[in-house]
Amino acid sequence: MLHHLSLGVRDLALSGAFYDAALGALGFRRVFDGPRSIGYGLVDGQDLLLLNLDPAASPPGPGFHLAFAAPSRTAVDAFHAAALRIGGRDNGPPGLRPHYGPDYYAAFLIDPDGHRVEAVIHSTPAG
């Protein structure tokens, strides 16, 4: 359905460091690196998330967030810890969210520009 999603960021280097850490913990990497943008995904040249430098960037309003699929609960934990070390703000520590489903395990963060992001997996601890 989606080809890619773009986020405006005020400091490309800081946001790049944040997403390198957070998305790296989930198995994604930089697949494009330009003077005014950075792309993340799995395959070079095929970015799924694009950061675009814009000094006037601001996050969408309440109710909007991005949820990234995690390969494991350990990856959710690593996503949260790595992003906090780079300046992300906690918006919900790793853990079960039974109000979303019995096996919904997620962590929530706010990036340096105020974008709300989540890593999530639906599985039992062994799954």
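The values are calculated or read from the model by the stated rules, or taken from the named source; none is laboratory data. Every value quoted in this text rests on a predicted model; they were computed, and no experiment measured them. Cβ placement follows ideal geometry from the backbone for every residue including glycine, while neighbour counts extend to all protein chains displayed.
Observations
- Index of the failed condition, residue 57 passing every other in (1) within 14 Å of the chain's Cα centre (by Cα); (2) under 17 Å from residue 112 (Cα atoms): (1)
- Complete set of residues in segment 67-86 that are surrounded by 14 or more Cβ atoms within 10 Å (Cβ to Cβ) and either modelled with pLDDT under 95 or among the hydrophobic types (A, V, I, L, M, F, W, C) (or both): 68, 70, 75, 76, 78, 79, 81, 82, 83, 84, 86
- Checked against the criterion of being free of Cβ contacts under 8 Å to residues at least 40 places away in the same chain, under 13 Å from residue 9 (Cβ atoms) and small (Gly, Ala, Ser), the candidates 63, 45, 39 yield just one match: 39.
- Pairing residues of segment 83-94 that are without any contact (Cβ under 8 Å) to a residue 40 or more places away in the chain and within 20 Å of residue 11 (Cβ to Cβ) with residues that are surrounded by 13 or more Cβ atoms within 10 Å (Cβ to Cβ) and aliphatic (A, V, I, L, M), at Cβ distances under 6 Å and at least 6 apart in sequence or on separate chains, gives 89/110; 91/109; 91/110.
- Pick from segment 82-98, criterion part of a strand (DSSP E or B) and more than 26 Å from residue 7 (Cα to Cα), ranking: nearest to the chain's Cα centre (by Cα): 95
- For segment 99-124, the tally of residues that are in contact (Cβ under 8 Å) with a residue 40 or more places away in the chain, outside any strand (DSSP E or B) and of a type in the set (Asp, Glu) stands at 2.
- Selection count where residues are among the hydroxyl-bearing types (Ser, Thr, Tyr) and farther than 15 Å from residue 89 by Cβ, scope segment 2-27: 1
- Residue 26 vs. criteria assigned to a loop (DSSP other than H, G, I, E, B), touching a residue at least 60 places away in the same chain (Cβ under 8 Å) and within 14 Å of the chain's Cα centre (by Cα): yes
- Any hit, segment 30-51, residues being surrounded by fewer than 16 Cβ atoms within 10 Å (Cβ to Cβ) and acidic (Asp, Glu): yes
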